[in-house]
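Right, one structure below, let's go through it.
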Amino acid sequence: MQHRRLLQAYATWQVLRRLRRRAPLLIIAGKQDPLVGWENAQLLRDAASGPTELHVFEEGNHSCQNIPHKAMPLQFIFLSKHLHEGTV
C-alpha cells in the first residue's frame with residue numbers, strides 16, 4: 001500500500017510540473033475511485049494556472065465511468081465553451 005501511494009505521489013508531481021501552461025483544465029473525479037485518491041483532483045486544480053473546473057462525485061469510480069450520464073455532459077459543455085472561445 002505504501003509503495004502504491006509513493007507511485008501516485010510521483011505521478012501527481014509529474015503532472016503538476018506540466019500544469020504551468022494556461023490551457024483550460026477539466027477535472028472529474030470520483031470518491032469511490034480505487035486507483036487514484038480524489039484528493040489528487042484538488043491538488044491538480046490548485047496547481048493549474050489556467051481556467052479550471054473541478055467536479056467531484058461521491059458515487060463516482062475511476063474517471064466516473066460508472067456515471068457517464070453525469071460526467072459526459074460536463075465534458076461536452078467544457079469543450080464547447082473553450083473551443084468556442086479558442087482557448088483549447
**Asked** Taking the Cα-to-Cβ direction at Gln32 and at Ser63 and moving 7 Å from each Cα, how far apart do the two end points lie in nm?
**Response** 1.8 nm
**Prompt:** Between Ile77 and Ser49, 0.36 nm times their residue separation minus their Cα-Cα distance comes to what?
**Reply:** 8.0 nm
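Bear in mind these aren't lab numbers, they're just calculated from the coordinates by the rules spelled out. Because the structure is a prediction, the values reported are computed rather than measured. Glycine gets a Cβ as well: all are built from the backbone with ideal geometry, and neighbour counts include every protein chain shown.
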